1. Which distance in nm do the two modelled labels at Ser47 and Asn309 give, with both placed 7 Å along the Cα-to-Cβ direction?
2. Based on the Cβ-Cβ distance from Val161 to Asp80, what FRET efficiency comes out when R0 is 22 Å, to the nearest 0.05?
3. As a check on your grasp of the helix formula, calculate [θ] at 222 nm for the chain: sum -39500 (n - 2.57) over DSSP H runs of n ≥ 4, divide by the residue count, round to the nearest 500.
4. So who's got an amide H within less than 5 Å of the one on Gly86, skipping anything under 5 residues away but keeping other chains? H placed 1.01 Å off N, in plane.
5. What distance in nm lies between label points placed 7 Å from Cα along the C-beta direction at Asn141 and Ser39?
6. Which ordering of Arg54, Arg227, Arg147 is given by a fewest-first count of other beta-carbon atoms within 10 Å?
7. Order these by the 10 Å Cβ neighbour count, fewest first: Tyr208, Tyr252, Tyr30, Tyr281.
8. Could you compute the net charge surrounding Ser131? Neighbours are other residues with a C-beta less than 11 Å from the C-beta of Ser131; K and R count +1, D and E count -1.
Amino acid sequence: MASFTVINVLFVFLVVFSGSSNAQLRTNFYSKTCPKVLSTVKSVVQSAVAKERRMGASLVRLHFHDCFVNGCDGSVLLDDTSSFTGEKTAIPNNNSIRGFEVVDKIKSKVEQVCPGVVSCADILAIAARDSTVILGGPSWNVKLGRRDSKTASFSAANSGVIPPPSSTLTNLINRFQAKGLSAKDMVILSGSHTFGQARCTVFRDRIYNESNIDSSFAKARQANCPRASGSGDNNLAPLDLQTPTFFDNLYYKNLLNKKGLLHSDQVLFNGGSTDSLVTSYSKNPKAFSSDFAASMIKMGDISPLTGSNGEIRKNCRKPN
Ligand code: HEM
Ligand SMILES: *[C@@H]1O[C@H](CO)[C@@H](O)[C@H](O)[C@H]1NC(C)=O
Ligand SMILES: *[C@@H]1O[C@H](CO)[C@@H](O)[C@H](O)[C@H]1NC(C)=O
């Protein structure tokens with residue numbers, strides 16, 4: 001009995017004081033108020049990803065772009081109105097982030113089973129986990145209890161907090177550091193580029209102008225991404241050359257062979273401080289998988305609204 005008490009005290013201590021994790025979020029947040037939330041979200045994500053596997057990648061990215069702009073608060077989901085410009089048309093997002101219809105579908109199903117209870121910010125966190133699992137990645141217990149913002153910030157989304165693909169390694173490290181994430185978290189979370197697609201406009205300079213790129217890879221990408229800006233800007237290429245609809249560690253193997261698609265991918269392996277991490281994940285898919293889960297939990301902890309802050313939106317696209 002005595003040892004149980006000691007363990008309990010230790011446990012509480014760990015939960016409350018460990019690292020930078022957010023003590024206010026917890027995995028069982030909806031266990032009484034919306035026990036069906038996880039199965040409801042999962043079923044919608046499953047059918048969306050069955051219809052289009054890329055959607056899994058798009059949902060993971062939405063959670064990232066939500067969390068990096070004023071915390072994981074659903075702000076990225078707010079539509080512009082005549083009197084308000086939100087985050088959707090900011091440079092990192094315009095013509096780029098997607099998945100809003102799927103989020104709407106999830107929200108309406110969740111509202112049917114427990115109206116007014118589950119935040120849009122939490123829906124993004126759950127959908128990112130479910131997508132990862134469906135695409136062959138690790139699972140993790142999603143911490144919940146985030147509330148939704150009543151506003152969004154076009155200027156914050158445009159300020160560089162979400163680093164651009166032209167970033168130097170130092171900039172990437174600093175931008176993640178500013179969110180409480182280490183260089184290692186940054187390398188791991190960049191591994192999300194194991195799935196999904198990118199537009200010609202974000203990798204054109206790399207495939208025409210850079211020298212740390214495999215020449216046959218560059219040529220292949222040039223075939224569908226014309227040099228002149230304005231032509232073919234939205235043509236897509238897979239972020240992960242071989243398996244863009246599966247979670248695996250080929251992303252890192254490709255970096256070793258100078259086959260990173262984005263400038264910001266290749267800087268992770270270009271003679272700098274993160275080379276050894278890339279090498280290690282290229283050799284160890286299991287470590288990538290388990291570290292990815294841990295870093296996603298950390299990312300989901302970024303500055304949530306909790307308690308009586310914010311609100312639970314009824315419609316993810318607009319404040320109540
Ligand atoms: C390290 C800094 C990062 C940079 C510079 C970056 C940049 C980009 C860019 C430029 C694209 C293509 C966008 C387009 O073509 O419109 C992209 C796609 C993507 N990013 Fe990142 N990213 C970063 C980190 C992350 C992180 C942390 C995640 C998730 C945890 C993530 C997940 C994704 C996914 C899944 C896609 C594909 C989305 C789709 O196909 O719809 N990225 N990223
Ligand atoms: C977003 O993209 C659209 C379509 O390409 C463009 O017309 C608009 O000017 C862009 N918005 C911003 C704020 O850059
Ligand atoms: C490549 O570099 C040249 C010279 O700096 C520049 O004019 C051009 O816009 C760059 N981008 C592409 C896609 O050629």
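Each value in this text was obtained by applying a stated rule to the coordinates, not by laboratory testing. Remember, it's a predicted structure, so these values are computed and weren't measured experimentally. Don't worry about glycine lacking a Cβ; one is built from the backbone with ideal geometry, like all the others, and counts go over all protein chains shown.
1. Using points 7 Å along Cα→Cβ, the separation is 3.6 nm.
2. 0.70
3. -14000 deg cm²/dmol
4. Residues meeting the amide H criterion: Asp80, Thr81.
5. According to this spin-label approximation, the distance is 2.0 nm.
6. Neighbour counts put them in this order, fewest first: Arg227, Arg54, Arg147.
7. The most exposed by this proxy come first: Tyr208, Tyr30, Tyr281, Tyr252.
8. Numbers: positive: Lys42, Arg53, Arg54, Arg61, Arg129; negative: Asp130.
Once all neighbours under 11 Å are counted, the net charge is +4.
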